[in-house]
Amino acid sequence: MLLKMIRDLAVGETLAHPVRRKGRRGMLLAAGTVLDLGTLERLARMGVRQAWIERAGTEGVEEFLPVALETTRDDLADRAGDSIRDIASTRNPAVAVDAMKAAVKDLVETAQNSSRTARLVTEVAGGEDESTRHAVSVCHLSLLLGLLLPDHVASERPRLSRIRATDLAPLALSGLLHDIGRIRVPCEENLETPDAATEAAHCLDARTILTRSVPPAVVAAAMQHHRRFDGTGFPTPERRQSASRNDLHVFSRIVAVADHFDRRRSLHPEESRIESLAWMTDPIRRGWFDPAVLAALPVAVPALPPGTSIRLSTGREAVVLRPNEDHPLGPLVREIRSGRTGAEIDLATDPRIHATHQDGRPLPPPTALPEVLLDPRRHAA
């Protein structure tokens, strides 16, 4: 099967995987549905960004997909909205928080059981409830980043045993509840030039909402996810010493990367993955994010995810099978050939061949991309 953006789907193509009904536990469209113009327009209105279609020559892609994890994530999206609003609107949010803890536990366990394929392939569908979509997306991505960073997380929580320090349930809950204050104190968000005078209030309100109901690490993430690694941002620390990286909880640094990436994707839906990653890692934003977390982002969010259609420098079409953690632009691919199985090519080890297009659109040349996208591990320190 092939993963395609909704804008690239064509009348007559057949779904290879169900499209879920937003906000309900059930299918909107079943696998095997033949797409017509009305269905395509409906999917676009609902904010569905991607769908799987049948395509000869792409068999076996499923082996590299986190199907169980994405199903559990979508289950969380189905039920999270009401609980998040209950937490924001009541003086005693403990009951709603307990429900979210249980849902997050399921997501964490599924992620750990499928850690080999735990990468962001598809994204949470849009729709009318943008706050819930964003909360679940940040929860999901924060969890993926945490799975990649156990040593970093443990080193940043030295007072705890390694088992407690690397427990990912509080991190996932941090991602889910990071913007809880914004639900009660709505405000616009400007990623490039945020206005502390109008935006800081939602971070402070999050502390009021969450302090008695969640672990301190979750409160810290909600409070600090707009603070930058270099100490700038908001809200400023209440203690007298100057702001610095040492004041930032590691969960807040992870949530900050997840929050900014998802906001960028939401504000610029026309961008490709690689363009969004390039924005996040552009040297002009040096100091915004924890370098270790930022280096994990192109691993957690493959620029060329499994199931993606690419064109090779040989002129042939191929499907991405498995991302490469060391070389995000050098995944394992298979040529798509009619009538027979295409050759598998490891683009990381074959310098003669590279991807030139993704979903029919030109890819930026490597010389135009930040170095961290080409060699994440080298920039992790």
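Points to keep in mind about this one:
- Search result, residues across the stretch 191-218 that are open to solvent by 20 Å² or more (accessible area, probe 1.4 Å) and either of a type in the set (A, V, I, L, M) or in a helix (DSSP H, G or I) (or both): ALA196, ALA197, THR198, ALA201, LEU204, ASP205, ARG207, THR208, PRO216
- Filtered residues of the stretch 265-278 (kept if assigned to a helix (DSSP H, G or I) and over 27 Å from LEU321 (Cβ atoms)): SER266, LEU267
- All positions within the stretch 161-183 that are modelled with pLDDT under 95 and open to solvent by 10 Å² or more (accessible area, probe 1.4 Å): ASP179, ARG182, ILE183
- Between GLY339, GLY315, the distinction of being at pLDDT below 90, open to solvent by 30 Å² or more (accessible area, probe 1.4 Å), on the phi > 0 side of the Ramachandran plot and over 21 Å from the mean Cα position of the chain (by Cα) belongs to GLY339 only.
- Positions within the stretch 117-161 being charged (D, E, K, R) and touching a residue at least 40 places away in the same chain (Cβ under 8 Å), in sequence order: ARG119, GLU123, ASP129, GLU130, ARG133, GLU156, ARG157
- Options LEU277, LEU267, LEU373, LEU304: the member that is within 30 Å of SER131 (Cα to Cα), in contact with a Leu (Cβ under 8 Å, 6 or more places away or on another chain) and surrounded by fewer than 18 Cβ atoms within 10 Å (Cβ to Cβ): LEU267
- Residue in the stretch 164-176 that is free of Cβ contacts under 8 Å to residues at least 40 places away in the same chain and part of a loop (DSSP other than H, G, I, E, B) present: yes
- Of all residues making up the stretch 5-22, the number that are of a type outside the set (Asp, Glu), out of contact with any Phe, Trp or Tyr (no Cβ under 6 Å at 6 or more places or on another chain) and at pLDDT 90 or above: 6
- Within the stretch 121-160, considering residues that are part of a helix (DSSP H, G or I) and charged (D, E, K, R), the one least open to solvent (accessible area, probe 1.4 Å): ARG133
- Residue match in the stretch 65-80 (condition: closer than 16 Å to ARG133 by Cα and of a type in the set (S, T, N, Q)): yes
- Taking the stretch 1-91 and the strands (runs of 3 or more DSSP E) fully enclosed by it, the elements with 3 or more residues that are open to solvent by 20 Å² or more (accessible area, probe 1.4 Å) are at 27-29.
The values are calculated or read from the model by the stated rules, or taken from the named source; none is laboratory data. Everything numeric in this text was worked out from a predicted model, so none of it was measured. All Cβ positions, even for glycine, are placed from backbone atoms using ideal geometry, and neighbour counts span all protein chains on display. Side chains are part of the model used for accessible areas, which takes the heavy atoms of the whole protein and leaves out ligands, DNA and RNA. Shrake-Rupley method; radii C 1.70, N 1.55, O 1.52, S 1.80 Å.
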